[in-house]
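Encoded as structure tokens, the structure appears first; notes follow it.
The values are calculated or read from the model by the stated rules, or taken from the named source; none is laboratory data. Being a predicted model, the structure only gives us computed values, none of them experimental. Glycine gets a Cβ as well: all are built from the backbone with ideal geometry, and neighbour counts include every protein chain shown.
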Amino acid sequence: MIEGLANEKRPALVRGDSASGNEGVMTEMEEINQRYLFKLRQNAGIKRLIERKWQQNQWQPVGQGFDAVEDEIRLAGWSRARRIVVLRRQVKDHLAVEMNTGNQQGTLHFVDHPDKIKVWEYAVLVTSADYSSEAFGQWYQDRADCENGLDELKNQWGWGGYTTHDLGRCNLSARAVALIYNWWSWYVRLAHPKTHLEAITSCPLLLNGVARLTQHAGQSRLLLTLTHVASDQIKTMISSVCKGPDFILANAPRLPKIERWPTLVRYIIDKIFATRPKNPPVLDLPTFHLASNSG
């Protein structure tokens, strides 16, 4: 897919999880001069690398609570040495450890003195890019956000598989699900532009009400009765939804029908960008995401 793109249309960075962080995929990326950022599996060689970095204690803060350290190593099975970025972040909340003792139900142990014990979460990334280490933590976290969309489509929208062997019906069903997912996602971002809300939370919020249509003096109105406990939040979201069509009608009353949807989408995108920080910590570059079979 990447090789079929013109050079100016290729992604600035290809991201993938540990299923992509292997010699075969990295070699293919390097042969076509494609920069990549992959996660590495926690094998014995990687664990020894982490132990060495802990002993050397050369960590540098890179934002969002993460520390980072770099190295260039050649693991067993690799054809060349590659740039490695190790990220770590301390877990500071109250800790509870579940022990599996072989019984049906494990036993739970509480760590009473978390100030005396340091618990870290960490990730080891391999890259061919020359960006600063401050960028990689956010970029890899964004990769996980991309995969959340695939999980949502499969588990909340019914894209988990089809039982028919009729390819035409499968295509029709998949396209219908994708189209409805797309419509609903834009609708919810119009209601709540700050963050993406998955269907498991947005559907109960915005579909849990009773509407009554009233007509008077040539005007039609919908009277909504909300039964959800978060009624104040829902009212704010519905008010945001109403502002979108009102903006289109007020600013482009003579707009052809075919142009109304793109104009509304641009309006929603402007609202999304308006909620973002004025000085983002990393560059916003086009990326290509490789999802594993489990993703």
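From the list TYR187, TYR162, which one is under 27 Å from the mean Cα position of the chain (by Cα), hydroxyl-bearing (Ser, Thr, Tyr) and closer than 30 Å to PHE273 by Cα? Walk me through it before giving the result.
Numbers: TYR162 fails: closer than 30 Å to PHE273 by Cα.
Criteria check complete, one pass: TYR187.
Applying the set (1) within 24 Å of CYS242 (Cα to Cα); (2) part of a helix (DSSP H, G or I); (3) more than 18 Å from the chain's Cα centre (by Cα); (4) among the small types (Gly, Ala, Ser) to ALA174 leaves exactly one unmet item: (1).
Suppose we filter ASP93, ASP130, ASP142 for residues that are surrounded by fewer than 10 Cβ atoms within 10 Å (Cβ to Cβ), under 30 Å from GLU72 (Cα atoms) and either in contact (Cβ under 8 Å) with a residue 12 or more places away in the chain or over 20 Å from the mean Cα position of the chain (by Cα) (or both); which single one remains? The unique qualifying residue is ASP130.
Residue check: is GLY4 of a type in the set (Gly, Ala, Ser), in a helix (DSSP H, G or I) and surrounded by fewer than 17 Cβ atoms within 10 Å (Cβ to Cβ)?
On the way: of a type in the set (Gly, Ala, Ser): yes; in a helix (DSSP H, G or I): no; surrounded by fewer than 17 Cβ atoms within 10 Å (Cβ to Cβ): yes.
The answer is no for GLY4.
Take the residues in region 63-90 that are surrounded by fewer than 11 Cβ atoms within 10 Å (Cβ to Cβ) and touching a helix residue (DSSP H, G or I) at 6+ places or on another chain (Cβ under 7 Å), then tell me which one is modelled with the highest pLDDT. The residue in question is SER79. Please work out if LEU205 is touching a Ser or Thr at 6+ places or on another chain (Cβ under 9 Å), of a type in the set (A, V, I, L, M, F, W, C) and without any contact (Cβ under 8 Å) to a residue 60 or more places away in the chain. When the stated conditions are applied, LEU205 does not pass them.
Assigned to a loop (DSSP other than H, G, I, E, B), surrounded by 14 or more Cβ atoms within 10 Å (Cβ to Cβ), free of Cβ contacts under 8 Å to residues at least 60 places away in the same chain and of a type outside the set (Ser, Thr, Tyr): does that describe GLY158? Criteria met by GLY158.
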